[in-house]
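Asker: Below are the structure tokens for one structure; questions will follow.
The values are calculated or read from the model by the stated rules, or taken from the named source; none is laboratory data. Please read these numbers as outputs of a predicted model, since none were measured by experiment. Cβ atoms come from the backbone with ideal geometry, glycine included; neighbour counts cover every protein chain shown. Note: areas computed on protein heavy atoms with side chains; ligands, DNA, RNA excluded. Shrake-Rupley method; radii C 1.70, N 1.55, O 1.52, S 1.80 Å.
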Amino acid sequence: VYDAELVSAERAKEIVPSLSDEVRGGFWVPRDAVIDVFEMVYASMQNAMENGVKLLLNTAVKDIQLENGRIQRVLTDNGYEIETSYIVNCAGCFASGISRMVGVDDYSNVAKAGEIYILDKNLPYAPSCLVNPLPKPESRGILIVPTVHGNTLLGPNVEYRDDVEDTATTRAGLEQVLKSVQRRIPQISAADSVTQFTGVRPTSDPGGWKMRAIPEVKGYLEAVGITGAFGAGPAIAVTMRELLIENGLKLKKKKNWDPVRVGIRRFNQMSQKERNEYVARDPLYGHIICRCETVTEAEIVEAIHRVPPAQTLDAIKRRVRAGMGRCQAGFCSPRVVEILAREMKVPIETICKNEPGSEIVVRRNRMERKDENA
Ligand SMILES: Cc1cc2nc3c(=O)[nH]c(=O)nc-3n(C[C@H](O)[C@H](O)[C@H](O)COP(=O)(O)OP(=O)(O)OC[C@H]3O[C@@H](n4cnc5c(N)ncnc54)[C@H](O)[C@@H]3O)c2cc1C
């Protein structure tokens, strides 16, 4: 960072007019940036799959078999077995369980949860840049973040919990977030909240990132305890590639590797002329399914048939934003469930919110059953 500068309270208020009068100055980092993390993950996965990578969804590693101290095979909970000489454990909050499968037991996972508010779009006090407090050793602090889609994100706080799967939101946690951000922008109000959620960072004890090979278990590598580091992903990948090479993996550059990945064209980002052209070409562009985010049936159908396929309500939400808006899927989810069942050619009762066990439709109602019996 070469162009950051200390600024007076006056200059800070020019940059963020809604800043509190109590603010005495700031540190301005003009190139600080925010990305759409969902899009980044899907884009990387799509490109990997188009170049030959296989993705196994809803498949958990259950055991790892060694032969003569070398990785041999990975066993999964759905009977799928993967023969391999190398694995990289990057299982986040569950990494220590995987390490123990190969006899590595020098750390445990710690649940470092963070609660987050998402506020509505177009708020008069919304800043156009990140407004961070002074960082503390345990985190960057409770942030105010303008997202790429125009919402404002508040949080996260830091709460150590007993269970890495505990993603409940709490009144105390949300109040802590609100109190902290209101010191910087007093107008921020919980009434502008669209949703709240909790995420758990994959921290470990002892702390710190572990990017390493384990000499006693040949072919076993780890990238674990990677907290607050989505942004460091590409650099971590390069480090792991070097470690794999150092540990004997022979890598060959693919001659026909295709770097180009084409995303889903978003109707709500098109000009009126483009919209008319798209609707004329495919009338499904004329069916607005999610009114809050202006998402069409055509975009949802495209997401379902892409790699990786979007086959649940949450996958559709993260891919094309149907359900991300103010009504939080209250209106569009029944329509999206119908479209998923139709396009996947499966009974509507099998469509899930996210993983198996989260089916949305329990059974047909009385009227429909009467019709079936007639
Ligand atoms: C509240 C919060 C705030 C954050 N703030 C920031 C930030 O400011 N900046 C930033 O860059 N990043 C931030 N992050 C990102 C985060 O801290 C991590 O750095 C990042 O998510 C770690 O990525 P990972 O791939 O190691 O783990 P994860 O993203 O957790 O991925 C682990 C994967 O392993 C899979 N898995 C687990 N067990 C098994 C098994 N048995 N079999 C098969 N698969 C398994 C999981 O399903 C998951 O897909 C934040 C995260 C949270 C929750």
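Asker: Considering segment 4-24 alone, what residues qualify as being touching a Cys at 6+ places or on another chain (Cβ under 9 Å) and open to solvent by less than 30 Å² (accessible area, probe 1.4 Å)? First the steps, then the outcome.
Answerer: Narrowing segment 4-24 to residues touching a Cys at 6+ places or on another chain (Cβ under 9 Å): 15-16.
Correct list: Val16 only.
Asker: Next question. Can you tell me which condition Leu6 does not meet? The list is (1) part of a strand (DSSP E or B); (2) touching a Leu at 6+ places or on another chain (Cβ under 6 Å), and all the others hold.
Answerer: Checking Leu6 against (1) part of a strand (DSSP E or B); (2) touching a Leu at 6+ places or on another chain (Cβ under 6 Å), the one that fails is (2).
Asker: Tally up the residues in segment 203-215 that are touching a Phe, Trp or Tyr at 6+ places or on another chain (Cβ under 8 Å) and of a type outside the set (A, V, I, L, M), please. Show your work before the answer.
Answerer: First, the residues of segment 203-215 that are touching a Phe, Trp or Tyr at 6+ places or on another chain (Cβ under 8 Å): 204-206, 210, 213-214.
Subset that is of a type outside the set (A, V, I, L, M): 204-206, 210.
Count: 4.
Asker: Ok, one more. Quick test for you: out of Glu359, Glu338, Glu299, pick the one residue that is open to solvent by less than 50 Å² (accessible area, probe 1.4 Å), free of Cβ contacts under 8 Å to residues at least 40 places away in the same chain and of a type outside the set (A, V, I, L, M). First the steps, then the outcome.
Answerer: Values: Glu359 fails: open to solvent by less than 50 Å² (accessible area, probe 1.4 Å); Glu338 fails: open to solvent by less than 50 Å² (accessible area, probe 1.4 Å).
Result: Glu299 is the single residue among Glu359, Glu338, Glu299 that is open to solvent by less than 50 Å² (accessible area, probe 1.4 Å), free of Cβ contacts under 8 Å to residues at least 40 places away in the same chain and of a type outside the set (A, V, I, L, M).
Asker: Moving to a separate point now. Could you please find all residues in segment 199-255 being in contact (Cβ under 8 Å) with a residue 60 or more places away in the chain and hydrophobic (A, V, I, L, M, F, W, C)?
Answerer: Result: Val200, Ile214, Val217, Leu221, Ala223, Val224, Ile226, Phe230, Met240, Leu244, Leu249.
Asker: Moving on to the next point. Residues being surrounded by 22 or more Cβ atoms within 10 Å (Cβ to Cβ) and in contact (Cβ under 8 Å) with a residue 60 or more places away in the chain: count how many of those fall in segment 306-323.
Answerer: 1
Asker: Which of the residues that make up segment 36-51 are touching a residue at least 60 places away in the same chain (Cβ under 8 Å), closer than 27 Å to Arg73 by Cβ and not aliphatic (A, V, I, L, M)?
Answerer: Asn51
Asker: Sticking with this one: Regarding Leu19, is this residue touching a residue at least 40 places away in the same chain (Cβ under 8 Å), of a type outside the set (D, E, K, R) and in contact with a helix residue (DSSP H, G or I) (Cβ under 6 Å, 6 or more places away or on another chain)? Spell out how you get there, then give the answer.
Answerer: On the way: touching a residue at least 40 places away in the same chain (Cβ under 8 Å): yes; of a type outside the set (D, E, K, R): yes; in contact with a helix residue (DSSP H, G or I) (Cβ under 6 Å, 6 or more places away or on another chain): yes.
It is true that Leu19 is touching a residue at least 40 places away in the same chain (Cβ under 8 Å), of a type outside the set (D, E, K, R) and in contact with a helix residue (DSSP H, G or I) (Cβ under 6 Å, 6 or more places away or on another chain).
Asker: Condition first: at pLDDT 95 or above and assigned to a helix (DSSP H, G or I). Can you find one or more residues in segment 286-294 that meet it?
Answerer: Yes.
Asker: Further question: Looking at (1) surrounded by fewer than 18 Cβ atoms within 10 Å (Cβ to Cβ); (2) at pLDDT 95 or above; (3) not hydroxyl-bearing (Ser, Thr, Tyr), find the lone condition where Gln328 falls short.
Answerer: (2)
Asker: In segment 120-145, which residue that is in contact with a Leu (Cβ under 7 Å, 6 or more places away or on another chain) and in contact (Cβ under 8 Å) with a residue 60 or more places away in the chain is least open to solvent (accessible area, probe 1.4 Å)?
Answerer: Once the filter is applied, the top-ranked residue is Val145.
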